[in-house]
Amino acid sequence: DRFRESKVYMRALFDYIPLEDKATPCQEAGLPFTRGDILQVVTQDDPTWWQAKRVGDSNLRAGLIPSKQFQESYFNGQYIAGLRRSFRLSRKDRQGSAGEGSDPGDPDFMTYEEVTRYQQRPNERPRLVVLIGSLGARINELKQRVIAENPHRYAVAVPHTTRPKKPHEKDGVEYHFVTKQQFDVDTLNNKFIEHGEYKENQYGTSIEAIRSVQAKNKMCIVDVQPEALKRLRTAEFKPYVIFVKPRVPEGRRRRSAVTIYFNLLLYFVQDEDIQEMRQSAIQIDQQYGHLVDRILIKEDSVSACAELRGILERLEKESFWVPVSWVR
Ligand code: 5GP
């Protein structure tokens with residue numbers, strides 16, 4: 001029995017640096033990890049310290065990591081008799097970075113999430129693909145391109161709108177056309193995963209619209225604000241989350257003197273945009289990074305599209321880590 005491999009896997013939702021942890025019984029025995037790492041927990045015998053290996057690590061020896069319970073008590077500020085004072089980051093910092101996407105009442109967010117390998121079987125409905133993008137990523141365009149290449153396999157969820165139907169449009173194809181009253185009722189009933197206003201008309205994507213794509217056995221691709229992830233992260237949809245980040249050029253120093261000289265004005269404008277793009281990516285990463293399965297760095301539309309196509313193909317053939325609650 002001693003030789004049986006542990007089947008318990010956890011996705012780390014925080015960074016751990018043993019050398020900075022005064023509470024550990026042995027710093028050298030600690031296993032450093034970063035948020036998003038998958039850890040195979042070898043033993044949970046001790047209530048405070050588990051032994052674990054990092055999946056994909058060639059190092060065969062297990063190291064010590066704080067147990068879920070211990071880490072929770074520490075994050076909740078109930079740390080044990082000053083044991084972990086030195087390691088304890090300011091709670092304000094953590095809550096600040098956790099932001100809206102976190103649920104402070106949900107300790108899973110803070111520590112570990114138990115995961116398992118999941119492979120979609122041929123008779124199962126395809127997983128939902130969720131694209132989130134930082135500023136400048138233009139994910140809608142990316143989504144449309146990939147779907148246009150392969151419309152029998154991939155589809156968008158048809159949105160609702162209150163704007164009048166144009167002559168060439170068909171209800172239920174481009175949009176579900178509804179009255180403002182209906183839209184408001186639907187909003188109140190939480191039918192939409194996201195909605196917004198454009199030129200005084202309402203637009204929104206419903207949960208039902210996703211279901212109806214999946215019912216046709218097509219892979220539904222949605223691009224949403226990351227806040228929508230909370231609603232979509234269910235066993236029903238098993239979302240695979242792709243974070244599209246535009247490649248942000250290096251800062252000032254890397255630019256040639258010639259460019260600066262000739263494009264002084266443009267230079268400042270661009271620089272501000274670049275700052276904003278960088279900031280937007282950092283913000284999403286801090287708040288939602290733990291929910292992201294894959295980061296796609298977008299150089300240009302053509303290569304990003306090819307990469308996305310590759311990811312979608314693998315999604316149907318290979319297995320991926322998902323929360324155990326999705327498969328039990
Ligand atoms: P149109 O009325 O020309 O079809 O769409 C105009 C704009 O409405 C789009 O460019 C987009 O900004 C917005 N829009 C379309 N569909 C949706 C949707 O599902 N949700 C949101 N929030 N906006 C949408």
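Taking residues in the range 189-213 that are farther than 27 Å from ARG125 by Cα, and partners anywhere that are at pLDDT 95 or above and more than 8 Å from the ligand (Cβ to nearest atom), the pairs with Cβ atoms closer than 7 Å and at least 6 places apart or on different chains are ASN201/THR162; GLN202/THR162; GLN202/LYS180; GLN202/PHE183.
Could you say which residue among ARG121, ARG127 is under 25 Å from VAL55 (Cα atoms), loosely packed, with under 12 Cβ neighbours inside 10 Å and at pLDDT 50 or above?
ARG121
One residue is enough: does the range 209-217 have a residue meeting the conditions assigned to a loop (DSSP other than H, G, I, E, B) and either touching a strand residue (DSSP E or B) at 6+ places or on another chain (Cβ under 6 Å) or at pLDDT 90 or above (or both)? Looking through the range 209-217, at least one residue is assigned to a loop (DSSP other than H, G, I, E, B) and either touching a strand residue (DSSP E or B) at 6+ places or on another chain (Cβ under 6 Å) or at pLDDT 90 or above (or both).
The criterion of at least 1 residues that are modelled with pLDDT of 95 or more is met, among helices (runs of 4 or more DSSP H) falling completely within the range 247-328, by 264-288, 301-317.
Counting only strands (runs of 3 or more DSSP E) wholly contained in the range 29-99, the ones carrying 2 or more residues that are closer than 26 Å to ILE282 by Cβ and modelled with pLDDT of 90 or more occupy 38-43. Does LYS238 satisfy the criteria of being of a type in the set (D, E, K, R), in contact with a Lys or Arg (Cβ under 9 Å, 6 or more places away or on another chain), at pLDDT 95 or above and buried (at least 19 other Cβ atoms within 10 Å of the Cβ)? Yes, satisfied. Residue pairs whose Cβ atoms lie under 6 Å apart, separated by 6 or more positions or on different chains, with the first residue in the range 270-299 and closer than 15 Å to GLN225 by Cβ and the second of a type in the set (D, E, K, R), are ALA281/LYS245. Of all residues in the range 165-216, those being over 19 Å from VAL241 (Cα atoms), away from the ligand (no atom under 11 Å from the Cβ) and of a type in the set (S, T, N, Q) number 7.
The values are calculated or read from the model by the stated rules, or taken from the named source; none is laboratory data. This is a predicted model, so every value here is computed, not measured. Every residue, glycine as well, gets a Cβ built from its backbone with ideal geometry; the counts of neighbours run over all protein chains shown.
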